[in-house]
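All of the numbers you see were taken from the coordinates with simple rules; none came from a lab. Just so we're clear, the structure is a prediction, and the values are computed from it rather than from any experiment. Methodologically, a virtual Cβ is constructed for each residue, glycine included, from the backbone with ideal geometry; neighbour enumeration extends over all protein chains shown.
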Amino acid sequence: MLRALLAVIATIIHSVLVFGLAPLLMGIVSKARARLLGRTGPPYLQPYRDLAKLLRKTALIPDTATQFYKIWPFITLSATAVAALLVPSFSFGLITAPLSDFITLIGLFALARGATMLAGLETGFGFGGAGAARDTLFSLFTEAAVLVLVLTFVLLAHTPTVDGIGIQFRDGHIGLSVSLGFAFAAMLCVALTETGRIPVDNPAGHLELGMVHEAMLLEYSGRYLALFYYAAALRLMIWMSLISAIFLPFGLADSSAMLTWPGGLVSWGVKLIIGAFALAAFEVATAKMRVFRVPEFLGVALLLGILSSVFLFVATKLGGT
Amino acid sequence: MVCYSRVVNQYLALSIGLPGHGFHLAHDPLALLFLAILAPQIIATGLGPDRKSVAYWFFIAGMVLTVLAAEAFTLLLGFELMSAASWLLVLRGDRKPATLYAGIAMFSGACLLPALFIPPGGIAFSLILLGAGAKAGLAPLHAWLPRAHPAPSAGVSALMSGGMVKVALYILIRYGFIVLGAAAQPWWGTALIIAGSASVLIGSLRAMLEVELKTILACSTVEHVGLIAVGLGIALRAKALDDPSLAALALQGALLCAIAHGLFKPLLFLGAGAVKHATGTSSLDWLGGLIRGMPKLGGLMLAGCFGMAALPLGPGFAPEFLLLHAVINAAGTGEIIARIGFTALLAILGLSAALALGAAVRIIGIGFLGRPRSLRAAAAEEAEQPVLFGMGLLGILCIPVALFPGLILLLLNPVINQLIPGAAQTPLGYAPAPLATLLLLAAGATYAALKRYGTKAEREVHAFNGGFGKPPAWLPFGDPVTQATGTGFAEPIQRVLGVAILGVKTIDPGELYVLDPLRRLNVQFTRAAERVRRATIRQRLAFVFAALVLFLAALGFVQGA
């Protein structure tokens, strides 16, 4: 009973923090990026101001839009929000933990992506269609790579839930291995693609021809655009929390032990900030790829994922278990 | 004397049929499951105009007879009845694929006929796999399916894609697990997995690249048959390797996939027929914006595509989930080569899941959203009431499969116990009902937040379109060439993946390596036969004389020995 109550409280804290701080994380990345380029950069709270501004603006509905125009942003945001509830942040053992099967999570990302692609095709103009087509192309490789990575995690942790994998990796003395190194590299490639960052896509780009994610949102404005922006911020938060929960789970709390919560919060916050600066540094140091170079980049991720499983098979064969 | 192998112990003998033989019908959980898969499709398609055709009812009778057959003779009779009636229906739609279809149907029959009567073993299973696999559209014998299934009217297409391939898979399950079950070898499952994964890859890729709506759906059927075959293969292999819990998991996935596919695919085919009826074409490159003229049909098609894309909270996700977990479990133990193979299979399944999402988005986004690409698409009117009613029925039946797959799996328990005795059922790790609640909660909170903090102001304007100006008045929907077409949408994937797998001309490998050599062989045989026919009287006499000499020589040789 107490456990369940603590889990509920932890889940509430988790949702408040994740939903509340997602734009801030975006702000930190933009600020860090600008500073590395020698500019002052926008204030940390700029994403909140942008969202507030968009909410106040009149929504301009294109005359070629269909009755579903207003529904897609809701589906994208809701699916992303459910995914955000499933991925542990500062603490394991949330009330949603039994639902957090990795494959369900992949499905929720796919649902959000599908709604965004339909939003791009909604008004029937070239850029949206091109963006949706490119997004489909990238998703082929990311889904294949993530599924192979799930295999590696399940083989090591013997459980398919994100929560269970994180707990096993924190307590189970998995140790550093070549396998996990490959998996980490592959996961980073996938995360960069899924969150639409350089080198795959440039969230700050202004040239329609080079856009992927932004191109699908070109015909959206006002509060509907705000929903898409917020979903993008949430997605960055989810992927950073996911990588932290699986590959860097040390210090994260357990919902049943309340005393570990402050440590978990600090640990999670530090990891997010380090992750934001690392992302900014990487983005400054790299150039955006041509669209048809991206499949090669993701092909490498897929290969690394398969190699991480194969290394595990060889290790068990040699270990004789 | 007619010899037959008894399939089911208790049966009902009807005194019609061959003299002294009759039909033997029986029902067991497996047969009832497949009847339950067939029933909604029969009702939904029976509401349409096809019910006036006699061949349609013979087609249905053939399917039902196959599923209820208690022994091999009745099974084969039903199967052939189904093939012949569906051939007539295909012929009525289009002559060209009908010949190909008849050829494949004969091949299936020719493989099944000996297989049903020879003793259990590897040869019998191989023949069953070839015969039933060709009928179900398993690679490499799948190339006929995307040609023949779109040919007849929408209702028959729906029944062929949703029902007939299931009946072929039913034969595969019936013989692989029950009749030949005692002699099962692990390689049976491996063969099924390899054929299934090739079908999944080729089917999903072609579904992404094709332009005709019905052909897209038929290619997607190849993909789903492949998924079911992968599940059955893993189950068969695990059963032979004595791992009943993995076998039960894979079988759950395969059977649930058959149920879900039997609901959303007929729905989509009926919708494609209605689109063709309303606009005169089903090519995505000539459609667009249909949802304005046909909102109800558009909504139902969206629901069907939701299932086809295997998205969570849709009917297609639970089977995909179970199958992926079965593959992950299968990769967990065993020999290293098999484990690497299952890892590659997992990558293929991920790739094809994303391709299926892309294909579904393409159907809705290009065909139903956006601007009309032709005047007929702009003037499309809502589909007729019976079609909408049939689609609605299938759509409503999708809801329990989508939201309560755990309950459906409970109902499947007798079937799984029948196929894999002593299997332990693992609880489903995917719970759509709480997820749906969370999703509704999130959507409601978003709506409330927008209402509370956002302005309600809205204005209809000309689309931004990257800053291009308003089109002239004589182009009411703007310039049609400035929006992505079905071909254009698939271009990046054709460039990256299509060229590698289907070649520059996008020819199906099943066509290139199976059907084309057969066609060439056919031409050569025809030429040889023609040469014999044109022989002069002297040549013919020489043939007869040579044959006589050879015969006498052989006789003398045998007697001498």
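Relative protection proxy for A:286-293, B:519-526, B:337-344, A:196-203, from highest mean packing down: A:196-203, B:337-344, A:286-293, B:519-526 (other beta-carbon atoms within 10 angstrom).
Here's the list of aspartates and glutamates a cross-link from B:LYS276 could span, going by alpha-carbon distance under 17 Å and ignoring same-chain residues fewer than 8 apart: B:ASP50, B:ASP94, B:GLU210, B:GLU212, B:ASP285, B:GLU381, B:GLU382, B:GLU384.
Peptide A:285-294 has a mean of 1 when you count, residue by residue, the C-beta atoms of other protein chains within 10 Å of its C-beta.
Over region B:175-237, what lengths in whole Å, largest first, do the semi-axes of the equivalent ellipsoid take, defined as the square roots of 5 times the eigenvalues of the alpha-carbon gyration tensor?
On the way: eigenvalues 165, 21, 7 Å².
The three semi-axes for region B:175-237 are 29, 10, 6 Å.
With a 10 Å cut-off around each Cβ of A:220-230, the average count of Cβ atoms from other chains is 3. Please give the net charge around B:HIS261, taking every other residue with its beta carbon less than 14 angstrom from that of B:HIS261, where Lys and Arg add +1 and Asp and Glu add -1. Counting the neighbours of B:HIS261, the net charge comes to 0. Hydrodynamic estimate: the Kirkwood radius of region B:328-369 over Cα pairs, inserted into Stokes-Einstein at 25 °C and 0.890 mPa s, corresponds to D of 205 µm²/s.
Which value in Å does the Kirkwood hydrodynamic radius of region B:266-308 take, with 1/r averaged over all unlike C-alpha pairs and then inverted?
Numbers: mean 1/r = 0.0957 Å⁻¹.
That comes to 10.4 Å for region B:266-308.
Shown for region A:269-321 is the translational diffusion coefficient from the Stokes-Einstein equation, using the Kirkwood radius over Cα pairs, a temperature of 20 °C and a viscosity of 1.002 mPa s: 151 µm²/s. Coordinate range of the alpha-carbon atoms in region B:98-163 per principal axis, descending: 41, 21, 19 Å. Across all directions, the average projected area of the convex hull around the alpha carbons of region B:12-421 is 18.2 nm².
Could you order peptides B:486-492, B:540-546, A:250-256 by the average number of other Cβ atoms within 10 Å of their residues, highest first?
Working: B:486-492: 21.3, B:540-546: 10.9, A:250-256: 19.6.
The most tightly packed comes first, giving B:486-492, A:250-256, B:540-546.
Count, for each residue of B:434-446, the Cβ atoms from other chains sitting within 10 Å of its Cβ, then give me the mean as a whole number. Could you put the intermediate results ahead of the total?
Details: counts 4, 9, 1, 1, 10, 9, 2, 4, 11, 8, 2, 4, 9.
Per residue, the average neighbour count from other chains is 6.
Taking Cβ atoms as reference points and 13 Å as the exclusive limit, the residues near A:GLY128 contribute a net charge of -3, counting Lys and Arg as +1 and Asp and Glu as -1. Scaled against the 2.2 N^0.38 Å expected of a compact globular protein of N residues, the Cα radius of gyration of region A:2-319 reads 1.00. Both numbers refer to the Cα atoms of region B:511-560; Rg and Dmax are 17.2, 50 Å.
At 222 nm, what helix-only mean residue ellipticity would chain A give, in deg cm²/dmol to the nearest 500, using -39500 (n - 2.57) for each DSSP H run of four or more? Before the final figure, lay out each step's value.
Values: 10 runs with 219 residues, N = 321.
About -24000 deg cm²/dmol.
How much length is gained on full extension from B:ARG520 to B:VAL461, taking 0.36 nm per residue of separation minus their Cα-Cα distance?
Values: separation 59, 0.36 × 59 = 21.24 nm, distance 5.94 nm.
So the extension gain works out to 15.3 nm.
Of all lysines in the structure, those lying under 18 Å Cα to Cα from A:LYS53, and not within fewer than 8 positions of it along the same chain, are B:LYS451, B:LYS456.
Could you give the size of the charge dipole of the protein assembly as shown about its Cα centre, using +1 on the Cβ of each K and R and -1 on the Cβ of each D and E, expressed in debye and rounded to the nearest 20? List each step's numbers first, then the result.
Working: 59 positive and 40 negative charges, 278 e Å.
So the magnitude is around 1340 debye.
Expressed as a whole percent, the proportion of Cα-Cα pairs in region A:1-43 lying more than 13 Å apart is 63%.
In region A:175-321, the ratio of gyration radius to Kirkwood radius, Rg to Rh, stands at 1.05 when only Cα atoms are counted. Structure note, pairs A:LYS70/A:LYS288; B:LYS135/B:LYS239; B:LYS265/B:LYS296; A:LYS57/A:LYS288; A:LYS317/B:LYS239: Cα-Cα distances above 27 angstrom occur for A:LYS70/A:LYS288; A:LYS57/A:LYS288.
Give me the net charge for the shell around B:GLU335: Cβ to Cβ below 14 angstrom, other residues only, Lys and Arg +1, Asp and Glu -1.
+2
With the convex hull drawn around the C-alpha atoms of region B:429-518, the volume per residue stands at 275 Å³. Mean projection of the Cα convex hull over all viewing directions, computed for region B:365-439: 8.8 nm².
On alpha-carbon atoms, Rg over Rh for the protein assembly as shown using Kirkwood Rh?
On the way: Rg = 29.2 Å, Rh = 28.9 Å.
Reported Rg/Rh, Kirkwood definition of Rh: 1.01.
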